[in-house]
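Student: Next up is a structure, given as structure tokens.
The values are calculated or read from the model by the stated rules, or taken from the named source; none is laboratory data. What you see is a predicted model; the values in this text were computed from it and never measured. Don't worry about glycine lacking a Cβ; one is built from the backbone with ideal geometry, like all the others, and counts go over all protein chains shown.
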Amino acid sequence: MKRRAVAAAAAIEDQSVSATGGEIASRLGQTSWALFEWARNPYVLLITIYVFAPYFSERLVGDPVAGQALWGDLSGLGGLIIAVLAPFLGAIADLGGRRKPWIAGFAFLMALLTFMLWFAVPGEAVLPLFAIGAIIVINNILFEFTAVFHNAMLPEICNHGRVGGLSGLGLALGNLAGLIMLVFMLYAFVMPGQVDWSFIPAAPWFGIDQAAYEHERLSGPISAIWLVLFTLPMLLFTPDRVASGMPLRRAIHVGVGRVFKTLGSLRHYRNVTTYLVARMAYNDGKTAILTFGGIYAAGTFGWGALDMLAYGIVLSVFAVFGGVFGGWLDDKIGSQKAILVSISGTSIGLILSLLMGPETILGIWTYAPDAVPLVYDGPFFNTVPEIIYVGLVVILAIFITAAYANSRTMLARIAPSDKMTEFFGLYALSGTATAFMSPIVVGMFTRWFESQAAGMASILIFLVVGLVLMLYVRNERAVARH
């Protein structure tokens, strides 16, 4: 009886205490935390994948291969700066206590710069190419900085058993928001005047001029407004840590020392260290697929804004499912096995997708577009290779999103409970320390082989390394050593 009472008391405590031992947030506070993904994710889909990145490569640079290589350079530069600054910034903020002021500052500056992409007009000096590149680099940095503080809040606002579900909910909401924005862009600005469908407006809304690429440039202002609007619920309803009152200069001095001390302590946590190194590798691979996927698809199949938005919508639908699938898979088979499944699915999807082209199917069958009738009389994805390609990339959308959800949950399950914040700082470091490598490698392979496919294939290096290392990670919580 006594044993049962103790077990029951532990279960009750588990439900009412956060994963780091504090008081959990209300359901409104937890949902508002997840809603920040809803605010941020349209930037990823509209700017870095499906709309602005292909526009940058095809229109602003004017050469798909050179554009992909340059985008890799910009992403690599941003990743290098993130790797250097993120862990120290996180440690300094930990000492100061509060996270939301940092998130608000980074998010609103990011929104301002994103809005300026409206002025990215080919051949004009209003916003020259170097300035556009600078905005992309700075925004990549700001985006990851918001993630450092946002992720660190997760184990502090919910109990251990809800960490996986809340993480998956955030990613699902983020992809759903991106889906809504892609559909809106397609309906209001891209399809009008391009298709003779009764339910599509006859002309783009607000007098948007497609000939001046305004429907693509508009992705900047729309992403910016969305980010500001939906950051507010988290700032208003999600509880933050109490400010410590430590002066900034003192926080910087102690924070820098804490980062090096925490790195040194990793020798006592071999299992967690192995996981963080594994995540460092496979996370680079996943990020590279997201960074270059839109540029590759546009360059390979010659897709324009209409095709890319439709492509983004299809993948976002399945990415929403991927967040939920990741949480379900984690609960069923455990975080480690779930990550192995996610990385394997991502690798298979990438390999198969690279075997597709306008005139080839899986690298085996030749397809003659001029000799074969269209599959259907529609404005996009109307050839056999295009339809198969989209189907294969759906695999990537599901497993990449699932892997993001599984990764956050894995650390929350294996890090020592009383050092959770420190290890989420290291988690941020493992996601950024080598974030510059995969874009640089993709850019190098693209230039060396003068091939977008060769650049994308180099991503497999990172996925395979991460997969092998994850085989040595155990699903068990580390015990803190002091």
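Student: Against the condition modelled with pLDDT of 80 or more, more than 25 Å from the chain's Cα centre (by Cα) and loosely packed, with under 14 Cβ neighbours inside 10 Å, how does R270 come out, does it pass?
Tutor: Yes; evaluated as a whole, the condition is true for this residue.
Student: Can you tell me which residue in the stretch 342-356 is nearest to I398 (Cα to Cα), limited to those that are surrounded by fewer than 18 Cβ atoms within 10 Å (Cβ to Cβ) and free of Cβ contacts under 8 Å to residues at least 60 places away in the same chain?
Tutor: If we take residues in the stretch 342-356 being surrounded by fewer than 18 Cβ atoms within 10 Å (Cβ to Cβ) and free of Cβ contacts under 8 Å to residues at least 60 places away in the same chain, then I348 is nearest to I398 (Cα to Cα).
Student: Of the residues K332, K337, only one is more than 18 Å from the chain's Cα centre (by Cα), of a type in the set (D, E, K, R) and modelled with pLDDT of 85 or more; which?
Tutor: Result of the check over K332, K337: K337.
Student: Write out, first by first residue and then by second, each pair whose Cβ atoms fall under 7 Å of each other, whose residues are 6+ apart or on separate chains, and whose first residue, in the stretch 271-286, is within 12 Å of M410 (Cβ to Cβ) and assigned to a helix (DSSP H, G or I) while the second is among the acidic types (D, E) and at pLDDT below 90.
Tutor: N271/E476
Student: Is it the case that the stretch 142-156 has a residue that's surrounded by 15 or more Cβ atoms within 10 Å (Cβ to Cβ) and over 29 Å from W33 (Cα atoms)?
Tutor: no
Student: Touching a Phe, Trp or Tyr at 6+ places or on another chain (Cβ under 9 Å) and either modelled with pLDDT of 90 or more or within 30 Å of A397 (Cα to Cα) (or both), is that true of L45?
Tutor: So L45 does not fit the description; no.
Student: If you go through the stretch 187-212 one residue at a time, how many are touching a helix residue (DSSP H, G or I) at 6+ places or on another chain (Cβ under 7 Å) and among the charged types (D, E, K, R)?
Tutor: Of the residues in the stretch 187-212, 0 are touching a helix residue (DSSP H, G or I) at 6+ places or on another chain (Cβ under 7 Å) and among the charged types (D, E, K, R).
Student: Under 6 Å between Cβ atoms, at least 6 apart or on separate chains: pull out the pairs that start in the stretch 168-189 with a residue that is without any contact (Cβ under 8 Å) to a residue 40 or more places away in the chain and end on any residue that is small (G, A, S) and in a helix (DSSP H, G or I).
Tutor: none
Student: Mind counting the residues in the stretch 133-177 that are over 26 Å from S335 (Cα atoms) and out of contact with any Phe, Trp or Tyr (no Cβ under 6 Å at 6 or more places or on another chain)?
Tutor: Qualifying residue count, the stretch 133-177: 9.
Student: Picking from L315, L306, L218, which residue would you name as being buried (at least 24 other Cβ atoms within 10 Å of the Cβ) and closer than 30 Å to Q452 by Cβ?
Tutor: Going through L315, L306, L218 in turn, just one is buried (at least 24 other Cβ atoms within 10 Å of the Cβ) and closer than 30 Å to Q452 by Cβ: L315.
Student: I'm told L392 meets every condition in (1) within 23 Å of L467 (Cβ to Cβ); (2) crowded, with 20+ Cβ neighbours inside 10 Å; (3) touching a Gly at 6+ places or on another chain (Cβ under 8 Å) except one. Can you identify the failing condition by its number?
Tutor: Condition (2) is where L392 drops out.
Student: Within the set of pairs 6 or more residues apart or between chains, which connect a residue that is under 21 Å from R27 (Cβ atoms) and in a helix (DSSP H, G or I) inside the stretch 145-159 to a residue that is among the hydrophobic types (A, V, I, L, M, F, W, C) and modelled with pLDDT of 85 or more with Cβ atoms less than 7 Å apart?
Tutor: H150/F36; H150/I103; M153/W33; I157/W33
Student: From G257, G323, G327, G245, grab the single residue that is at pLDDT below 80, surrounded by fewer than 16 Cβ atoms within 10 Å (Cβ to Cβ), in a helix (DSSP H, G or I) and among the small types (G, A, S).
Tutor: G257
Student: Among the listed residues S417, S438, S347, identify the single one that is at pLDDT 90 or above and not β-branched (V, I, T).
Tutor: Only one candidate passes the filter, namely S347.
Student: Given A7, A11, A19, which one is under 25 Å from M410 (Cβ atoms), modelled with pLDDT under 75 and part of a helix (DSSP H, G or I)?
Tutor: It is A11.
Student: With respect to G105, determine if the residue is out of contact with any helix residue (DSSP H, G or I) (no Cβ under 6 Å at 6 or more places or on another chain), modelled with pLDDT of 85 or more and either closer than 30 Å to G29 by Cα or buried (at least 20 other Cβ atoms within 10 Å of the Cβ) (or both).
Tutor: Here the answer is yes, as G105 does meet what is asked.
Student: OK, next. In the stretch 194-241, what residues are aromatic (F, W, Y) and outside any loop (DSSP other than H, G, I, E, B)?
Tutor: W205, F206, W226, F230, F237
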